[in-house]
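Some notes on the structure that comes next.
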Ligand code: PLP
């Protein structure tokens with residue numbers, strides 16, 4: 001469980017970060033890795049629940065790469081399976097391998113909506129293809145998404161994730177360079193608002209190709225869905241002949257082997273998967289109703305083009321098979337759910353002691369604390385809409401996480417980001433997390449946490465001028 005070889009030296013991180021800045025824009029390979037107030041973080045090793053920086057600092061990791069390593073970093077069984085596959089089977093890019101067949105069989109057996117499934121390398125590719133095939137199947141133009149949900153970087157869904165209060169209710173693109181007509185074809189509704197869904201279908205139903213939703217919007221922490229909201233989505237899409245897509249890139253496997261659809265009993269037409277299915281290897285999947293999946297061009301002559309050089313890469317497939325086997329055969333969910341309950345209950349006690357009004361929420365292995373009054377720290381009450389989250393004190397949210405770093409604990413210091421437990425975390429980690437959180441929050445309050453407010457988010461809207469300028 002050691003986070004890699006100790007090839008680290010104090011000061012090495014700054015030199016590496018400077019080299020990165022010279023040749024990599026911003027010094028990192030994703031806009032979500034450039035963390036305000038945390039420049040020059042160079043990761044040198046990972047193992048289990050921990051990671052080590054190039055400077056030799058060690059952290060217990062609750063960020064978990066935004067969620068993939070449900071088993072913990074470099075799980076030995078997954079790493080061995082991937083290496084063994086790589087030793088005998090290179091990537092061919094023609095035909096199919098037995099591993100791909102086994103993985104598809106397994107996913108179809110596990111996830112209720114999956115009659116057929118295709119592999120991708122990322123979640124974004126999966127959601128992209130879900131919307132493409134929905135449009136191909138229906139011949140319709142519009143897509144519905146929900147404020148606070150993130151479905152990847154492609155144009156149809158690159159809007160209204162973490163929006164400033166004055167951008168909620170309108171289009172709020174997260175990037176410049178998107179054609180206005182593409183944005184116009186996406187309708188944004190409030191999550192958990194069944195009446196808004198019914199109104200939208202009454203007005204636009206005949207033009208709606210797809211509704212895409214994170215059944216639990218974890219990209220803003222954790223907004224638990226009212227079951228009635230998910231059944232309304234199911235009923236309205238079925239009535240209108242639209243395609244219902246559950247984006248289970250986060251919830252799939254992590255919350256249950258069958259995803260949130262198994263937990264809720266609401267079955268979508270299409271499901272997208274990623275992250276935890278291969279414990280960190282680059283795997284995604286799109287699956288669902290056979291009649292829709294048969295529209296992909298993997299079937300000769302079918303209309304919805306589908307390709308990807310690395311789809312079904314043997315080492316990634318082996319990692320996914322090993323991950324699923326371990327989650328099936330070992331008490332992975334029991335362990336992470338028990339620790340998750342301990343964290344959420346323990347945090348409520350901590351905040352009660354500190355006299356800080358919070359909403360501690362999450363599900364299973366995922367937890368998040370919003371700093372907002374009105375929830376009494378209670379287990380049974382939680383924010384349910386993005387608008388509720390506007391009351392969160394972003395300064396304190398980011399401020400205590402920055403101060404946690406001094407305790408060797410890493411929760412991503414970005415507003416509204418959730419934290420994850422893995423099979424590799426232990427009760428002693430939870431004890432330390434609770435102690436350190438109490439100290440970090442007390443310190444943030446003493447310092448005036450709101451000073452960190454200007455660094456609240458990296459997923460807010462692009463500037464209006466930037467978005468419009470590039471679209472021209
Ligand atoms: N869907 C959801 C719910 C996600 O959280 C993400 C990524 O965070 C994606 C899709 C996109 O996945 P990827 O980053 O693998 O492209």
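The values are calculated or read from the model by the stated rules, or taken from the named source; none is laboratory data. Computed from a prediction, not measured in an experiment: that's the story for all the values here. FYI the Cβ positions are ideal-geometry reconstructions off the backbone, even for glycines, and counts take in every protein chain you see.
Please go through segment 206-218 and give me each residue that is within 16 Å of the chain's Cα centre (by Cα) and either part of a loop (DSSP other than H, G, I, E, B) or farther than 21 Å from residue 333 by Cα (or both), ordered by number.
Going residue by residue through segment 206-218, those that are within 16 Å of the chain's Cα centre (by Cα) are 212-218.
Of everything in segment 206-218, those that are within 16 Å of the chain's Cα centre (by Cα) and either part of a loop (DSSP other than H, G, I, E, B) or farther than 21 Å from residue 333 by Cα (or both) turn out to be 212, 213, 214, 215, 216, 217.
Kindly evaluate residue 263 against the criterion of being more than 13 Å from the ligand (Cβ to nearest atom), surrounded by fewer than 19 Cβ atoms within 10 Å (Cβ to Cβ) and either within 20 Å of the chain's Cα centre (by Cα) or outside the structural domain of residue 363 (by TED's automatic domain parsing) (or both). Full working, then the answer.
On the way: more than 13 Å from the ligand (Cβ to nearest atom): yes; surrounded by fewer than 19 Cβ atoms within 10 Å (Cβ to Cβ): yes; either within 20 Å of the chain's Cα centre (by Cα) or outside the structural domain of residue 363 (by TED's automatic domain parsing) (or both): yes.
Spelling it out, residue 263 is indeed more than 13 Å from the ligand (Cβ to nearest atom), surrounded by fewer than 19 Cβ atoms within 10 Å (Cβ to Cβ) and either within 20 Å of the chain's Cα centre (by Cα) or outside the structural domain of residue 363 (by TED's automatic domain parsing) (or both).
If you take the residues of segment 226-250 that are within 15 Å of the ligand (Cβ to nearest atom) and either part of a loop (DSSP other than H, G, I, E, B) or out of contact with any strand residue (DSSP E or B) (no Cβ under 9 Å at 6 or more places or on another chain) (or both), which of them is farthest from residue 131 (Cα to Cα)?
Per the stated criteria, the residue is 250.
Quick one: which residue in 127, 120 is within 16 Å of the ligand (Cβ to nearest atom), assigned by TED's automatic domain parsing to the domain that holds residue 303 and within 23 Å of residue 264 (Cβ to Cβ)? Give the derivation first.
On the way: 120 fails: within 23 Å of residue 264 (Cβ to Cβ).
One residue alone meets the criteria, 127.
Look at segment 282-320 and say how many of its residues are over 24 Å from residue 267 (Cβ atoms) and crowded, with 19+ Cβ neighbours inside 10 Å. Even if it seems obvious, please write down each step before you answer.
To start, the set of residues in segment 282-320 that are over 24 Å from residue 267 (Cβ atoms) comprises 282, 297, 300-301, 303, 305, 307-319.
Filter again for crowded, with 19+ Cβ neighbours inside 10 Å, leaving 311-319.
Total meeting the criteria: 9.
Would you mind finding the one in 190, 225, 173 that is crowded, with 24+ Cβ neighbours inside 10 Å and at pLDDT 95 or above?
Numbers: 190 fails: crowded, with 24+ Cβ neighbours inside 10 Å; 225 fails: crowded, with 24+ Cβ neighbours inside 10 Å.
Sole residue among the options that is crowded, with 24+ Cβ neighbours inside 10 Å and at pLDDT 95 or above: 173.
Out of 88, 94, 78, 111, which single residue is within 16 Å of the ligand (Cβ to nearest atom) and either in the same structural domain as residue 274 (by TED's automatic domain parsing) or more than 20 Å from the chain's Cα centre (by Cα) (or both)? Steps first, answer last, please.
Numbers: 88 fails: within 16 Å of the ligand (Cβ to nearest atom); 94 fails: within 16 Å of the ligand (Cβ to nearest atom); 78 fails: within 16 Å of the ligand (Cβ to nearest atom).
111 is the lone residue from the list that is within 16 Å of the ligand (Cβ to nearest atom) and either in the same structural domain as residue 274 (by TED's automatic domain parsing) or more than 20 Å from the chain's Cα centre (by Cα) (or both).
Is it fair to say residue 119 is buried (at least 23 other Cβ atoms within 10 Å of the Cβ) and within 25 Å of residue 258 (Cα to Cα)? Lay out the reasoning, then the answer.
Values: buried (at least 23 other Cβ atoms within 10 Å of the Cβ): yes; within 25 Å of residue 258 (Cα to Cα): yes.
Considered against the rule, which asks whether it is buried (at least 23 other Cβ atoms within 10 Å of the Cβ) and within 25 Å of residue 258 (Cα to Cα), residue 119 comes out as yes.
Under 7 Å between Cβ atoms, at least 6 apart or on separate chains: pull out the pairs that start in segment 146-169 with a residue that is assigned by TED's automatic domain parsing to the domain that holds residue 244 and at pLDDT 95 or above and end on any residue that is more than 14 Å from the ligand (Cβ to nearest atom) and assigned to a helix (DSSP H, G or I).
Note: pairs meeting the criteria are 147/386; 148/386; 155/182; 156/182; 159/183; 168/386; 168/387.
Only one of 206, 185, 195 is free of Cβ contacts under 8 Å to residues at least 24 places away in the same chain, surrounded by fewer than 20 Cβ atoms within 10 Å (Cβ to Cβ) and outside the structural domain of residue 369 (by TED's automatic domain parsing). Can you tell me which? I'd like the intermediate steps shown before the answer.
On the way: 206 fails: free of Cβ contacts under 8 Å to residues at least 24 places away in the same chain; 185 fails: free of Cβ contacts under 8 Å to residues at least 24 places away in the same chain.
None of the others qualify; the one that does is 195.
Over 18 Å from residue 77 (Cβ atoms), in contact (Cβ under 8 Å) with a residue 24 or more places away in the chain and assigned by TED's automatic domain parsing to the domain that holds residue 261 - does that describe any residue in segment 315-325? Step through it out loud before you land on a result.
Let us first name the residues in segment 315-325 that are over 18 Å from residue 77 (Cβ atoms), namely none.
Scanning segment 315-325 turns up no residue that is over 18 Å from residue 77 (Cβ atoms), in contact (Cβ under 8 Å) with a residue 24 or more places away in the chain and assigned by TED's automatic domain parsing to the domain that holds residue 261.
Sort out which residues of segment 251-279 are part of a helix (DSSP H, G or I) and over 21 Å from residue 223 (Cβ atoms), and write them in order of number. Break it down stepwise before answering.
Pass one, segment 251-279, residues part of a helix (DSSP H, G or I): 259-264, 275-278.
Hits for segment 251-279 are 277, 278.
Only one of 176, 185, 164 is more than 16 Å from the ligand (Cβ to nearest atom) and either under 23 Å from residue 242 (Cβ atoms) or touching a strand residue (DSSP E or B) at 6+ places or on another chain (Cβ under 9 Å) (or both). Can you tell me which?
Details: 176 fails: either under 23 Å from residue 242 (Cβ atoms) or touching a strand residue (DSSP E or B) at 6+ places or on another chain (Cβ under 9 Å) (or both); 164 fails: either under 23 Å from residue 242 (Cβ atoms) or touching a strand residue (DSSP E or B) at 6+ places or on another chain (Cβ under 9 Å) (or both).
The conditions single out 185.
Determine if segment 414-425 includes at least one residue that is assigned to a helix (DSSP H, G or I), in contact with a helix residue (DSSP H, G or I) (Cβ under 7 Å, 6 or more places away or on another chain) and not assigned by TED's automatic domain parsing to the domain that holds residue 195. Show your work before the answer.
To start, the set of residues in segment 414-425 that are assigned to a helix (DSSP H, G or I) comprises none.
Taking every residue of segment 414-425 in turn, none turns out to be assigned to a helix (DSSP H, G or I), in contact with a helix residue (DSSP H, G or I) (Cβ under 7 Å, 6 or more places away or on another chain) and not assigned by TED's automatic domain parsing to the domain that holds residue 195.
Of all residues in segment 203-225, how many are touching a strand residue (DSSP E or B) at 6+ places or on another chain (Cβ under 8 Å) and within 16 Å of the ligand (Cβ to nearest atom)? Walk me through it before giving the result.
Our first condition is that a residue be touching a strand residue (DSSP E or B) at 6+ places or on another chain (Cβ under 8 Å); within segment 203-225, this holds for 204, 207-218, 221-222, 224.
Filter once more, so that each one left must be within 16 Å of the ligand (Cβ to nearest atom): 210-218, 221-222, 224.
Going through segment 203-225 one residue at a time, the tally reaches 12.
Just for strands (runs of 3 or more DSSP E) wholly inside segment 280-382: which have at least 3 residues that are within 16 Å of the ligand (Cβ to nearest atom) and touching a helix residue (DSSP H, G or I) at 6+ places or on another chain (Cβ under 7 Å)?
Details: elements: 284-288, 359-363, 366-370.
Here the list reads 284-288.
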